[in-house]
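Every read-out reported here was derived from the displayed coordinates using simple, explicitly stated rules and does not represent laboratory data. Given the structure is predicted, the values throughout are model-derived calculations rather than measurements. A quick note on method: Cβ atoms are made from the backbone with ideal geometry, for glycine too, and the neighbour counts reach across all protein chains shown.
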Amino acid sequence: MSTQTLSKIILEGREFLIKRDDLFDPYLSGNKFRKLHTLINTPKQNLKKIISYGGTQSNAMLALAKLCHDKEWEFVYYTKAISATLKKQKVGNLFLALGLGMHHIEIDDALYRDFIATLRLNLDAKTFIVDQGGADRSAKEGLAVLAEEIRSLDEEIEAIATPSGTGTTALYLALALPEKIVYTVPCVGDTAYLQEQMSALHPIPENLIILEPKKKYHFAKLYPEFLEIYAKLLESGVEFDLLYAPSLWLSLLEEKKEKVLYVHSGGVSGNESMLERYRAKAARSRKN
Ligand SMILES: *Cc1c(COP(=O)(O)O)cnc(C)c1O
């Protein structure tokens, strides 16, 4: 499919352009598709195995599971110990990734850090390690491709927006598009933490603006205003994820007036399990 699909939406009376990076593949899409560009273009005989680690509902995990499934590579994914409830779940990214053949290994919480630090020792030439969330310098290549696509759009764009976890996407996109402002928000930790994560990869360029959310949001917690903006966006024609996108949309609506191109970062596969949590919470509050 073309990587140049755009949608126009009207939100609170303003027009926004959406770069539909969510449409590549249900499991391997959004910024994970961009960040894994190098691996996606690696011939399958060059590797046998991918190793990664991190959160149990991570979008990066699911993207890697899909990639390895398609390439016929073994995929080993390490996490801390998980709950019995999560193991039994029949929705969500873990369930989907296991269905794609991911080999999941739980590491005792007390040993986890040290274990992850030893992963790079004794690697053979056909095994590749992807750091948590795909926060890797090799992501640069895929984001340069995205920047080139944005440059070739026949639209008037005043600024670009995409949300941050590790900040890898926003950083490399801003570096590859120095002529445009790139807005982002920290979704995992605060601004200082995001700046630290980005600076470990490359000095932060001036055209990258980190917007400060009005309220301190904790990653993966439930917020009524998140569900509300999610529903408004859905009604305007595009589904976004419930973890990253809501905070950025709230900031854009409150603080910015420009004509923004929002780069959809994917992650919609996680919505089913998030919506289930919102429904359970609403049911609990009705009982009280
Ligand atoms: C992974 C992810 C992000 C964060 O990307 P970073 O490059 O780590 O900042 C944002 N949005 C969605 C939907 C994601 O899955």
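Points worth noting:
- Couplings 3J(HN,Hα) of the range 8-24, computed from phi: 10, 10, 10, 10, 6, x, 10, 9, 10, 9, 10, 8, 7, 5, 6, 8, 4 Hz, in residue order, whole Hz [Karplus 6.51 cos²θ - 1.76 cosθ + 1.60, θ = phi - 60°; x for Gly and Pro].
- Segment Arg113-Lys8, extension gain: residue separation times 0.36 nm, minus the distance between their alpha carbons: 33.4 nm
- Couplings for the range 188-204, taken from phi via the Karplus curve 6.51 cos²θ - 1.76 cosθ + 1.60 with θ = phi - 60°, read 10, x, 9, 4, 4, 5, 5, 4, 5, 4, 5, 4, 5, 8, 5, x, 6 Hz in order; Gly and Pro are left as x.
- Radius 12 Å from Cβ of Trp73, net charge of other residues (Lys, Arg +1; Asp, Glu -1): +3
- Cβ-defined net charge surrounding Thr38, 11 Å radius [Lys, Arg +1; Asp, Glu -1]: +2
- Entries of Lys66/Lys180; Lys88/Lys216; Lys214/Lys256; Lys221/Lys281; Lys87/Lys287 with Cα pairs more than 21 Å apart: Lys66/Lys180; Lys88/Lys216; Lys87/Lys287
- Computed E for Glu155/Glu206 - FRET, C-beta separation, R0 30 angstrom, nearest 0.05: 0.80
- Taking 0.36 nm per residue of separation and subtracting the current Cα-Cα distance, fully stretching the chain between Asp124 and Ala192 would add 20.8 nm.
- Alpha-carbon centroids, the range 128-161 and the range 194-228: separation in whole Å: 17
- Whole-angstrom Cα spans of the range 34-134 along principal axes, big to small: 38, 30, 20
- The residues neighbouring Ser265, those whose beta-carbon lies less than 12 Å from its own, together hold a net charge of +2 under the Lys/Arg +1, Asp/Glu -1 convention.
- Debye equation applied to the C-alpha atoms of the chain, log10 I(q)/I(0) at 0.08, 0.15 Å⁻¹: -0.34, -1.23
- Amide H within-cut-off set for Ile107, under 5 Å, with H built and near neighbours excluded: Thr79, Lys80, Ala81
- Karplus 3J(HN,Hα) series, Hz, for the range 272-288 with 6.51 cos²θ - 1.76 cosθ + 1.60 (x for Gly, Pro): 4, 6, 5, 5, 5, 5, 4, 5, 4, 5, 5, 5, 5, 6, 5, 5, 6
- If R0 equals 51 Å, the separation of the Cβ atoms of Arg137 and Ala84 corresponds to a calculated FRET efficiency of about 0.85.
- Linear extension gain, Glu258 paired with Glu272, 0.36 nm per residue minus alpha-carbon span: 1.8 nm
- Ranked by the mean number of other Cβ atoms within 10 Å of their residues, highest first, the peptides 80-87, 44-51, 185-192 come out as 185-192, 44-51, 80-87.
- Pairwise centroid distance, computed over Cα atoms, of the range 14-52 with the range 53-80, Å: 12
- Label point distance in nm, Gln45-Val145, each placed 7 Å from Cα along Cα→Cβ: 2.2
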